[in-house]
Ligand SMILES: [Zn+2]
């Protein structure tokens, strides 16, 4: 019966971690790719119609106020995306035109649309290092192909994300493998498509095709210095893995403890059986030597039973230290003390201390100034001794 309780505790602890592990998503309100295929005539007419329907007349680009008819094709497509959003929305979109990719920032200033297009680029990704080199350089686990394969682009995403992490942060994901899958097998995405996910039950980070697709449609940062969206997502997932590193160490210890406990129980069961058989023999024969031996063996059995109970106690105490997704780890709680979850810079970050931490880390790494605007003082916290000590402590059991 005790073994069953232990098993249940271990299962619950693993489940508690799994609940709410939503990863990060490419939102359902992503730009519709249809305008990319419009002829110039259709595009101009659609934009004019959309603007009329929404009573939008003022448009600005890098040159200042501009006649919407004079916008470039890329700017028109970007405006088509924004015009359907409510004033106040801001969209960082990638527009693909004639084999080139343009990062375009679009935002509202009062009733005026502003569009800011970056320089055209032929490629979204740069040259990645070999898998083995990345693992060695950053101390992470191997890159494993599942139903999708690691290629230059997907490796570039992870390598770029890892290059933003500090030595202490990398220690928090030391040995963690990266697996490449077509899509999230758990199907946890409520809307849109999952890009990447830290999967604590499997001790790994997964990257999906959705990330590579999303990078053709959205970016992170500024139009002048665009970063593939999936890089931000991988940093976000590394953030979860860093903040929950203590749980991974605990889980290993719990698994080892459980194996020891099970072995003790198995021995107890076998020894008891033999003891009872011999006791029956003694009752019949009254063999004095056997009686003495049974006495001794009875004491040993008692001790073994005590040791097993002790082991179970240790297990319970350690499993109580497992941090549930909703509770927040030490690192996540420390950020929460600086920045309430409801004030997290993104809507997704406002769902839990874990998501707030992951979102802030990704923004901090890729656009420090934006994080300072959205959450003053948080970038300084990431650079503080407190953060370094907590990040280091995340891999050590308290
Ligand atoms: Zn997340």
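Name every residue in the stretch 259-292 that is touching a residue at least 24 places away in the same chain (Cβ under 8 Å) and closer than 22 Å to residue 315 by Cβ, in order of residue number. Scanning the stretch 259-292 gives 260, 261, 262, 264, 265, 267, 268, 271, 272. Take residue 154 and tell me if it is away from the ligand (no atom under 16 Å from the Cβ), part of a helix (DSSP H, G or I) and more than 22 Å from residue 33 (Cβ to Cβ). No: the conditions fail for residue 154.
Would you call residue 233 loosely packed, with under 12 Cβ neighbours inside 10 Å and either under 28 Å from residue 197 (Cα atoms) or free of Cβ contacts under 8 Å to residues at least 12 places away in the same chain (or both)? Write out each step before concluding.
Numbers: loosely packed, with under 12 Cβ neighbours inside 10 Å: no; either under 28 Å from residue 197 (Cα atoms) or free of Cβ contacts under 8 Å to residues at least 12 places away in the same chain (or both): yes.
Answer is no for this residue.
Conditions (1) in contact with a strand residue (DSSP E or B) (Cβ under 6 Å, 6 or more places away or on another chain); (2) closer than 25 Å to residue 222 by Cα; (3) within 16 Å of the ligand (Cβ to nearest atom); (4) outside the structural domain of residue 267 (by TED's automatic domain parsing), marked per residue:
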{"position": "307", "(1), (2), (3), (4)": "no, no, no, no"}
{"position": "310", "(1), (2), (3), (4)": "no, no, no, no"}
{"position": "314", "(1), (2), (3), (4)": "no, no, no, no"}
{"position": "333", "(1), (2), (3), (4)": "no, no, no, yes"}
{"position": "346", "(1), (2), (3), (4)": "no, yes, yes, yes"}
{"position": "349", "(1), (2), (3), (4)": "no, yes, yes, yes"}
{"position": "370", "(1), (2), (3), (4)": "no, yes, no, yes"}
{"position": "373", "(1), (2), (3), (4)": "no, yes, no, yes"}
{"position": "380", "(1), (2), (3), (4)": "no, yes, no, yes"}
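When residue 219 is tested against (1) buried (at least 24 other Cβ atoms within 10 Å of the Cβ); (2) in a helix (DSSP H, G or I); (3) more than 16 Å from the ligand (Cβ to nearest atom), only condition (2) is not met.
Looking at 271, 224, 262, 278, which one is surrounded by fewer than 21 Cβ atoms within 10 Å (Cβ to Cβ) and either in contact with a strand residue (DSSP E or B) (Cβ under 9 Å, 6 or more places away or on another chain) or not in a helix (DSSP H, G or I) (or both)? Even if it seems obvious, please write down each step before you answer.
Numbers: 271 fails: either in contact with a strand residue (DSSP E or B) (Cβ under 9 Å, 6 or more places away or on another chain) or not in a helix (DSSP H, G or I) (or both); 262 fails: either in contact with a strand residue (DSSP E or B) (Cβ under 9 Å, 6 or more places away or on another chain) or not in a helix (DSSP H, G or I) (or both); 278 fails: either in contact with a strand residue (DSSP E or B) (Cβ under 9 Å, 6 or more places away or on another chain) or not in a helix (DSSP H, G or I) (or both).
Only one candidate passes the filter, namely 224.
The values are calculated or read from the model by the stated rules, or taken from the named source; none is laboratory data. Just so it is clear, the structure is predicted and the values come from calculations on it, not from any experiment. Ideal geometry is used to build each Cβ from the backbone, glycine not excepted, and the neighbour counts take in all protein chains shown.
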